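First up is the structure itself, then whatever we jot down about it.
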Amino acid sequence: MSEARIVVVGSSNTDMVVQSRRIPAPGETILGGKFVMAAGGKGANQAVAAARLGASVTFVARVGNDVFGRDALANFEKEGIDTRFIAIDPAEPSGVALIMVDEKGENCISVAPGANSRLSPDDVRRARSAIEQADVLLVQLEIPLETVEAAAELAAGAGTRVVLNPAPAQSLPERLLRRVDVLTPNETEATHLAGIRVSGEDSWALAACVLRQQGVETVVITRGAAGAFLSGAEGESGVPTAAITPVDTTGAGDSFNAALAVALAEGRDMASAVRFANLAGACSATRLGAQPSLPTREDLDRFIASCN
Ligand code: RIB
């Protein structure tokens, strides 16, 4: 098995996480529990997750010229990630996410994107050779859409597989979707993108069909404890996951996407890659925080063995 080469283009945040019994209603103050500050951001989480699973990872991102940005860079280097294409933005601070997690492990998140909002198509073009040589390009939507499009265009032109995690949800042009090999919405994002309410048997297939008609090759709808729904050239199937007691689902989607990208880059077929990704997501949901929860390959192998 050759080493998977992955380029992640995306956001880097510092997460401020408060655990509490429940998520407060608008206008309400509640007394919460434990506070954790940890590295986060969908792009950074996916880059770190892929590196921990053994891939060779290049991360294209922007951080602020501040303590959070410097800490993030040091962290990526510690994880063995290629940081040559992480720019330090002179004008905007590093991204920050405020996260609340309830006792069922569900979260709500608000992100101040800061420097992430200035990651540009030119930043991506500087990483052209890395993107062209990669097995998989992995992107999300916490950076400008034109930057996502520039990355997908470069990758598609070079035959690098494009995995797009459409989070947070937003409408996407067909010219981008046509360049996407694998789209991985959760049910909320699939609802937004397909324009139909996605929740339940027929709706997954219908939403996947709408998205595939717009040009996506394979659609994988993530459904939390219910696993994933896979729709592609080989047909449609539900792919189960492990039964766990979730502690914090923050970062579980990132763990899923990174593991999917790594498994595809390692040459697994789609159904096997989705099974592996489901288990990576479940493993991450058993721990608090985004990056602190992301398993190494050894962690994940142990978790998978304990599920059998
Ligand atoms: O997917 C989880 C991530 O979303 C958090 O780390 C937070 O930073 C937001 O980007």
Residue that is surrounded by the fewest Cβ atoms within 10 Å (Cβ to Cβ), among those in segment 14-62 that are among the basic types (Lys, Arg) and touching a helix residue (DSSP H, G or I) at 6+ places or on another chain (Cβ under 6 Å): Arg62
Out of all the residues in segment 148-181, which are touching a residue at least 60 places away in the same chain (Cβ under 8 Å) and either within 16 Å of the ligand (Cβ to nearest atom) or in contact with an Asp or Glu (Cβ under 6 Å, 6 or more places away or on another chain) (or both)? Val148, Arg161, Val163, Asn165, Ala167
Considering only residues of segment 217-241 that are on the phi > 0 side of the Ramachandran plot and at pLDDT below 95, which is most open to solvent (accessible area, probe 1.4 Å)? Gly224
Name the helices (runs of 4 or more DSSP H) wholly inside segment 194-308 in which the number of residues that are touching a residue at least 40 places away in the same chain (Cβ under 8 Å), touching a helix residue (DSSP H, G or I) at 6+ places or on another chain (Cβ under 8 Å) and more than 16 Å from the ligand (Cβ to nearest atom) is 2 or more. 252-265, 270-285, 297-307
Could you please let me know if Ala169 is open to solvent by less than 60 Å² (accessible area, probe 1.4 Å), of a type in the set (Gly, Ala, Ser) and touching a strand residue (DSSP E or B) at 6+ places or on another chain (Cβ under 6 Å)? no
Residue check: is Ala91 of a type in the set (Gly, Ala, Ser) and under 28 Å from Ala233 (Cβ atoms)? no
Can you tell me which residue within segment 172-216, out of those that are under 17 Å from the mean Cα position of the chain (by Cα) and farther than 17 Å from Val139 by Cα, is surrounded by the fewest Cβ atoms within 10 Å (Cβ to Cβ)? Thr188
Tell me, which strands (runs of 3 or more DSSP E) wholly within segment 1-66 include 2 or more residues that are within 10 Å of the ligand (Cβ to nearest atom)? 13-19, 35-40
Residue check, Leu141 within 16 Å of the ligand (Cβ to nearest atom) and either hydrophobic (A, V, I, L, M, F, W, C) or in contact with a helix residue (DSSP H, G or I) (Cβ under 6 Å, 6 or more places away or on another chain) (or both): yes
For segment 106-150, which positions are more than 29 Å from Gly267 (Cα to Cα), assigned to a loop (DSSP other than H, G, I, E, B) and open to solvent by less than 60 Å² (accessible area, probe 1.4 Å)? Pro113, Leu119, Ser120, Pro144
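So for segment 73-94 (the condition being of a type outside the set (Ser, Thr, Tyr), in contact with a Cys (Cβ under 8 Å, 6 or more places away or on another chain) and either open to solvent by 60 Å² or more (accessible area, probe 1.4 Å) or assigned to a strand (DSSP E or B) (or both)), does at least one residue qualify? Walk me through how you get there before you give the answer.
Filtering segment 73-94 for residues of a type outside the set (Ser, Thr, Tyr) gives 73-82, 84-93.
Restricting the remaining residues to those that are in contact with a Cys (Cβ under 8 Å, 6 or more places away or on another chain) gives none.
So far as segment 73-94 goes, no, none of its residues is of a type outside the set (Ser, Thr, Tyr), in contact with a Cys (Cβ under 8 Å, 6 or more places away or on another chain) and either open to solvent by 60 Å² or more (accessible area, probe 1.4 Å) or assigned to a strand (DSSP E or B) (or both).
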Only residues that are under 19 Å from Asn45 (Cβ atoms) and among the acidic types (Asp, Glu): list them for segment 77-96, please. Glu77, Glu79, Asp82
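The values are calculated or read from the model by the stated rules, or taken from the named source; none is laboratory data. In this text, all values refer to a predicted model and were calculated from it rather than measured experimentally. We place every Cβ from the backbone using ideal geometry, glycine too, and count neighbours over all the protein chains shown. Heavy atoms of the whole protein, side chains included, go into the accessibility calculation; ligands, DNA and RNA do not. Shrake-Rupley method; radii C 1.70, N 1.55, O 1.52, S 1.80 Å.
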